[in-house]
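Take a look at the structure below.
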Amino acid sequence: MGTGIRKVAVLGAGVMGSGIAAHLASCGIRTILYDIVPPNLTDAEKNDPAARNRWAQGGLDNALKSRPALFLDKYAASLIEIANLSDHLELLKGVDWVIEVVKEDMAVKRSLLANIEANWTPGTLVTTNTSGLSIDGMLEGRSAEFKKHFFGTHFFNPVRYMHLLEVIPGPDTDPAHIDLMVGFVRKVLGKGVVFAKDTPNFIANRIGVYAMMKTISSMRELGYTPEEVDAIVGTPMGRPKSAAFGTADVVGLDTFVHVSQNCFDSLPNDPEREIFRIPAFLTNMVQKGFLGRKTKAGFYKKVGKDFFTLDLDTLEYRAKEKPDLPELKAVKKLEKPADRIAKLIEGDGRAAKFGWHVLAASLAYAANIAFDIADDIVNIDRAMRWGFNWDLGPFETWQALGVKEVADRLRADGYTLPAWVDDAIAAGGFYVTEDNTPKYFAPGAKLQPEPVIPGSLSLARLKAAGNVVEGNRGATLVDIGDGIACLEFHTKMNTVDPDLTAMLNVACDRVEKDFDGLVIANQAEHFSAGANLMMIVMQANQKKWDDIEGVVKAFQDVNQRLKYLPKPVVTNPHGLTLGGGCEMAMAGDRMMVSSETYMGLVEVGVGLIPGGGGTLNMLKRVFQHVPNKLPQGFDPLPLIQRAFENIGLAKVATGGGEVFELGYATAADELAINRDTRINDAKRLARYMADRGYTPPKPAQNLFLPGRDGWAAVSLFVYGMMLSGWASEHDKLISDKLGHVLCGGDTNGKVAVDEQHLLDLEREAFMSLVGEPKSLERMQYMLMNNKPLRN
């Protein structure tokens, strides 16, 4: 592994501890998960190991049941060993890293650290996951050698999904131990690391909780409702859709209150200290158990299909109201976060006034505390993007809006800003590009090169540096170095249309002639959401069947060209990789699958079947271990059933682990755990394949499909589902056509079906469905409502 960390002990099996253990195991690290022995055991239970480990086991069980899933691969739970803090501390001598995740109480943590040191092997790293207590303060009574190995590693919840890890050195921490940990969490756990100073709540929680508390107090002060506030401070301000109150419900009101109270208690000289004072209604919510999603009641509550909002005066729930803020319509149409924020705050309506009020306070606060909490603004902006899912950090936001313009407006509104902001204005801003080198402003040192995340690759920077090979409206081919090109999509949601298909062919042409390999990847939120459904619906309504078939045939052909290109093609699916996006991902010779990839052939949801080779490539995957000579007594139906279930039930993998489990990826494909380095990982794989002397794969010669007999069995299965109410008549029509393709049409099962025959069957079935009125209804409903119609 090269990181020196092979086994980890996690002390504390609550929500955070079990989440950390699940992520460690998902990344292949053997883990011991501890918790205390439950109090009040019976006399018989006191001698029962299972009873004594009950709380630790409960933490693991909860992690396994959690939705969304905390494990990338549920079978990774076998790497977790259960223990308790009374009987098994000697096991700490055999681990490489101990992380404590116990109650946020200084006395409890100091006592635990004393017990850890009593069972500690010098050389073992020891860290705390505290969300804001003093690192130095925990070390009272610890030895000098122990202090060298101790520091903070603050994960964010849920651990699998939140990219941020704050690393907080103690005053005596050996820098070599920090370097070891940073390398491990980046390469093995896939985390984005920021370095924080040992101040209350570190970086992300200090600024993020301030922003949320300011939002709450401003709502009360200015007379807004929770629904209005969340409509304003979510997507329009470049924040998550959960906005303020939805985010608090996700985090948990008890956690939120604890972090805010810690700021209030620990920052007596903070000029904004009163913002962190817990309002009475929040205290009452916690006392009543209104803690958010974990108690199914917080600021919002869902009962059946109905949503309710808590009245903060009466603490009674009322029907959720739709806010009347018409000015937000124009804001939400803008794709770039900076454009949305600028549009929002330029107005004088109700949304604009509130948006500027809370944004101004957050920007001024970030400027005034910046160098108390971090060494530079880059760590602050990354912390807010990775830990709170802001689209832009505070200084990135400020830069996008105009550094001088925002500073002038803030001062006109009465805010006091530090002198270093004026120095940044004089230097050209917080972020500046000089000689194609991105730089940031650092007080005293002026402009410094922006630190590059090791192993990362920025397509935007490469394009700005003149590395564009060719492009059109749908995609751009970029030279990413070392003889490898990358095709980047940029249609809306990266959907497949004729422009994108044309660039796939251009990429093949240029790579064959000028490069050693091709990566298909992008740095948008999603790889590809599939076909351009609007285009298909418009052409179907105009009965332009030949045009539709031409588009489908061209997409099939280019995916086959990618598969058999004489240079290696590595695809890098991430985020939504659906329908046509899944087909493009499977068309490469290898996939570098991002850990958070949501992949599936979902066309049945819009009344169709895959039309870009998805049925062929799914069959090739399930038949991959069948020999080219027909085995005696071979029954293909179980394999066909697996492909049928994936496509016919529109199964979507909910992460990289399931991409492999469902068979969209093969054993030859790889998992990219760190989103910052995934494109570079794909590039390195393509380079490796080229260096080995690449030859393209051979067309499948083992697709012994059963023809009509198999199709009849599939049809009978679907007929039973229809009689039981699990499928509609139109579902059966789609399934029959899908079964016909997967079973090879009129073949007899004795001779392998060739790939072009399957592509022709697939295209024929697609075209027969695209004109069906009920399929058109499904497509139109999806476009209007963003969810499937059952008809």
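The values are calculated or read from the model by the stated rules, or taken from the named source; none is laboratory data. Since the structure is predicted, the reported quantities are computational estimates derived from the model, not experimental observations. Glycine gets a Cβ as well: all are built from the backbone with ideal geometry, and neighbour counts include every protein chain shown. Areas reflect the complete protein model, heavy atoms only, side chains present, ligands, DNA and RNA absent. Shrake-Rupley method; radii C 1.70, N 1.55, O 1.52, S 1.80 Å.
Considering only PHE281, GLY252, VAL209, and ranking their Cα positions along the charge dipole of segment 192-283 that arises from unit charges at the beta-carbon of Lys, Arg, Asp and Glu, the one farthest toward the positive end is VAL209. Label sites at ARG692 and ASP435, each approximated as a point 7 angstrom past Cα along Cα to Cβ, lie 4.1 nm apart. Our summary gives segment 55-116 a relative contact order of 23 percent, counting only alpha carbon pairs under 8 angstrom and 6 or more residues apart.
Pairs from the list LYS353/LYS404; LYS7/LYS294; LYS74/LYS774; LYS329/LYS439; LYS7/LYS439; LYS463/LYS543 with a Cα-Cα gap above 32 Å: LYS74/LYS774; LYS329/LYS439; LYS7/LYS439; LYS463/LYS543. Rounded to the nearest Hz, the phi-derived 3J(HN,Hα) couplings of segment 36-43 under the Karplus curve 6.51 cos²θ - 1.76 cosθ + 1.60 (θ = phi - 60°) are 6, 5, x, x, 6, 6, 5, 4, where x marks glycine and proline.
The packing ranking of peptides 40-49, 739-748, 218-227, highest mean first, is 739-748, 218-227, 40-49, where packing means the average number of other beta carbon atoms within 10 angstrom of each residue. According to the square roots a ≥ b ≥ c of the eigenvalues of the Cα gyration tensor, what is the shape class of segment 289-395, taking rounded for a/c under 1.5, prolate for a/b larger than b/c otherwise, and oblate for the remainder? Since a/c reaches 1.5 but b/c is at least a/b, the shape of segment 289-395 is classed as oblate. Once the Cβ-Cβ distance of ASN785 and ASP43 is raised to the sixth power relative to R0 = 60 Å, the FRET efficiency obtained is 0.50.
Site pair ALA464 and LYS302 shows an inter-label distance of 4.0 nm when each label is modelled 7 Å from Cα along Cα→Cβ. Given +1 at the Cβ of Lys and Arg, -1 at the Cβ of Asp and Glu and no other charges, the dipole of segment 333-432 around its Cα centre is 440 debye to the nearest 20.
Averaged per residue, the chain has 42 square angstrom of accessible surface, using a 1.4 angstrom probe with ligands and nucleic acids left out.
When the accessible area of segment 412-546 is computed with all protein chains present and a 1.4 Å probe, what percentage of it is carbon and sulfur? Result for segment 412-546: 50 percent of the exposed heavy-atom area is carbon or sulfur.
On full extension, the segment bounded by TYR719 and ARG318 gains 139.8 nm, given 0.36 nm per residue less the C-alpha separation. The C-alpha atoms of the chain define a longest principal axis, and helix 755-770 lies at about 80 degrees to it. Sorting the segments 678-687, 710-719 by their residues' average number of neighbouring beta-carbon atoms within 10 angstrom, most packed first, yields 678-687, 710-719.
Report note on the peptides 134-140, 247-253: ranked by the mean count of other C-beta atoms within 10 Å, highest first, their order is 247-253, 134-140. Using the alpha carbons alone, the radius of gyration of the chain stands to its Kirkwood radius in an Rg to Rh ratio of 0.98.
Once both labels are positioned 7 Å from their Cα atoms along Cα-to-Cβ, the gap between ARG6 and LYS332 label points is 5.4 nm. Residues whose amide H lies under 5 Å from that of GLY170, counting only those 5 or more places away or on a different chain, are GLY152; hydrogens are built 1.01 Å from N in the peptide plane. For the listed residue pairs LYS301/LYS651; LYS544/LYS651; LYS620/LYS750; LYS147/LYS197; LYS544/LYS732, the alpha carbons are over 19 angstrom apart in LYS301/LYS651; LYS544/LYS651; LYS544/LYS732.
By the scheme Lys and Arg +1, Asp and Glu -1, what is the net charge of all other residues having a beta-carbon under 12 Å from that of ASN201? Could you put the intermediate results ahead of the total?
Numbers: positive: LYS197, ARG206; negative: GLU104, GLU166, ASP198, ASP265, ASP270, ASP372.
That works out to -4.
Maximal additional length on extending the LYS492-ASP509 stretch stands at 3.6 nm, based on 0.36 nm per residue less the C-alpha distance. Between MET16, LEU637, ASN115, the Cα set farthest toward the positive side of the dipole of the chain (charges on each charged residue's Cβ, about the Cα centre) is that of LEU637. Per-residue 3J(HN,Hα) values for segment 151-166, derived from phi via the Karplus relation 6.51 cos²θ - 1.76 cosθ + 1.60 with θ = phi - 60°, read 6, x, 10, 9, 7, 10, 9, x, 4, 4, 9, 8, 6, 6, 10, 8 Hz in sequence order (x marks Gly and Pro).
The distance from the alpha carbon centre of segment 332-350 to that of segment 713-751 is 50 Å, rounded to a whole number. With contacts taken as Cα pairs under 8 Å and at least 6 residues apart, the chain reaches a relative contact order of 8 percent.
For a modelled paramagnetic label at ALA445, 7 Å from Cα along Cα-to-Cβ, the residues of segment 186-228 in reach, with backbone nitrogen under 17 Å, are 194-197. Considering the options ALA465, ALA485, VAL496, tell which one lies farthest towards the positive end of the dipole of segment 449-566, charges being +1 on Lys and Arg and -1 on Asp and Glu at the Cβ, about the Cα centre. Going by the charge dipole, the pick is VAL496.
Answer rounded, prolate or oblate for segment 220-286, using the Cα gyration tensor with square roots of eigenvalues a ≥ b ≥ c: rounded when a/c is under 1.5, else prolate when a/b is larger than b/c, else oblate.
prolate
In sequence order, segment 136-142 has phi-based couplings of 4, x, 6, 8, 4, x, 8 Hz under the Karplus curve 6.51 cos²θ - 1.76 cosθ + 1.60, θ = phi - 60°, and Gly or Pro positions carry x.
Each part gets one Cα centre, and for segment 551-609 versus segment 389-454 those centres are 40 Å apart.
Residues whose amide H lies under 5 Å from that of VAL98, counting only those 5 or more places away or on a different chain, are ALA9, LEU125, VAL126, THR127; hydrogens are built 1.01 Å from N in the peptide plane. Gain on full extension, evaluated as 0.36 nm per residue between THR666 and ARG30 minus their Cα-Cα distance, stands at 226.5 nm. Its relative contact order, with pairs defined as Cα atoms under 8 Å and 6+ residues apart, puts segment 252-292 at 55 percent.
Taking Cα atoms only, the orientation of helix 678-691 departs from the longest principal axis of the chain by about 50 degrees.
Nearest-5 percent of antiparallel DSSP beta bridges in segment 112-192? Walk me through the intermediate numbers first.
Numbers: 5 of 9 bridges.
Expressed as a percentage, antiparallel bridges in segment 112-192 total about 55.
Taking square-rooted eigenvalues a ≥ b ≥ c of the alpha carbon gyration tensor, is segment 707-791 rounded, prolate or oblate, where a/c under 1.5 means rounded and, failing that, a/b exceeding b/c means prolate? Oblate, since a/c reaches 1.5 and b/c is not below a/b. Under 5 Å from the amide H of LEU457 lie the amide H atoms of ASN680, each residue being 5 or more positions distant or on a separate chain, with H modelled from the backbone and absent for Pro and chain starts.
If a paramagnetic tag sat 7 Å from the Cα of GLU346 along the Cα-Cβ line, which residues of segment 409-433 would have the backbone N under 11 Å from that point? Taking a point 7 Å out along Cα→Cβ of GLU346, no residue of segment 409-433 has its backbone N under 11 Å.
How big is the dipole moment of the chain about its Cα centre under a simple scheme where the beta carbon of each Lys and Arg is +1, that of each Asp and Glu is -1, and everything else is neutral? Debye, nearest 20, please. Mind showing how you got there, number by number?
Details: 87 positive and 97 negative charges, 203 e Å.
So the magnitude is around 980 debye.
Considering only the other residues whose Cβ falls under 14 Å of the Cβ of LEU164, what net charge follows from Lys and Arg at +1 and Asp and Glu at -1?
Numbers: positive: ARG160, ARG186, LYS191, ARG206, ARG382, ARG385, ARG675; negative: GLU166, ASP381, ASP676.
Result for the neighbourhood of LEU164: +4.
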